[in-house]
Each structure stands twice: as structure tokens, then as C-alpha cells.
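None of the figures in this text is laboratory data; all of them are computed from the coordinates on show. Keep in mind the model is a prediction, meaning the values are calculated, not measured. Reconstructed Cβ throughout: ideal geometry from the backbone, glycine too, with neighbour counts over all protein chains shown.
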Amino acid sequence: MSDCLFCAIASGDIPADVVHADDDMVAFRDINPQAPVHVLVIPRAHHATAAELGAADPALAGRLLEAAGRIAEAEGVAATGYRVVTNTGEGAGQSVHHVHFHVLGGRDLTWPPG
Ligand code: DGP
């Protein structure tokens, strides 16, 4: 989508601190980190929400979640614990309407989230 921020990051038109990229996805550090490790994992293909991604391409959704786990390992938070979050809709805090999985770790994470 031409006016989508995360499409522009996926294409390289907007720079980001990329920690992983392949044919399907890009993972990059959040510009406003909420934890010592805060990486966003996005598909290159534009899907607005996790539900839309899961309906359109469940295999890709699975690869993104598998990558989230590998990133947590690489970032050193897999052993201590981490959270994979996707906000859906403005009431849940979704501000960018290109599905993204937040990978958060490196501090104690409270539950339930706010
Ligand atoms: P959400 O609120 O769940 O839609 O998460 C969007 C996240 O995207 C938010 O944590 C901040 C991050 N973000 C927004 N703009 C940029 C950007 O230009 N670069 C990077 N790296 N992250 C961004």
C-alpha cells in the first residue's frame, strides 16, 4: 500500500534498525521501545490485522511467529521470558494498520497488560 508506513519500511524506503529480513518478512527495532528488547516483526505483504493475515495466509502467520521466537533467542530474552503482542483496532492501541508482532523482553512484564 502506497501510504503505509510499514510497507515503506519493508521496502527500504524508510530506514529502520533491521534485525532480520527475508523474502517474507522484516523485523526491526521499535522507534519507541517499551522494554529493553522491543522488536516488530512484519510481513512484507500488506495485511491490516493478525486476523486478516491469518485468514489470508496462515502459513505466513506461522512463519512470523516462528521468527518471533528466533528473534527472542537471538536477543537473549527467550530463557527469561518474553511477550509477543499484536494490537488489533484503535481501542487496543493499534496505531499502524499493517500487522506487526511486538516482541518484548528484557524486563519483568506485568500481567494483565494495561
Ligand atoms: P501499535 O501501536 O501496536 O500499532 O504499534 C506500532 C509501533 O510502531 C509503535 O510501538 C511504534 C512503532 N513505530 C511507529 N512508527 C515507527 C517508525 O517509523 N519506525 C519504527 N522503527 N517504529 C515505528
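Database remark: amide H of His47 closer than 5 angstrom to the amide H of Val99 (H placed geometrically; neighbours at sequence offset of 5 or more, or on other chains; Pro and chain starts carry no H).
Modelled spin-label separation between Glu66 and Asn32, with each label point placed 7 Å from Cα along the Cα-to-Cβ direction: 3.3 nm.
Residues of region 8-33 with an amide N closer than 14 Å to a point placed 7 Å from the Cα of Ser95 along the Cα-to-Cβ direction: 30-33.
Under 5 Å from the amide H of His20 lie the amide H atoms of Ala27, each residue being 5 or more positions distant or on a separate chain, with H modelled from the backbone and absent for Pro and chain starts. Phi angles across region 98-114 convert, under the Karplus curve 6.51 cos²θ - 1.76 cosθ + 1.60 with θ = phi - 60°, into 3J(HN,Hα) values of 9, 3, 8, 9, 7, 10, 10, x, x, 8, 5, 10, 6, 9, x, x, x Hz, Gly and Pro given as x. Only helical runs count toward this figure. For the chain, summing -39,500 (n - 2.57) over DSSP H runs of n ≥ 4 and dividing by all residues gives -8500 deg cm²/dmol at 222 nm. The calculated FRET efficiency for the pair His46 and Ala78, based on their C-beta separation and a Förster distance of 30 Å, comes to about 0.55. GNM on the chain, alpha-carbon springs under 10 angstrom: the most fluctuating residue among Ala92, Ala67, Ala45 is Ala92. Helix 58-75 axis versus longest C-alpha principal axis of the chain: approximately 40°, rounded to the nearest ten.
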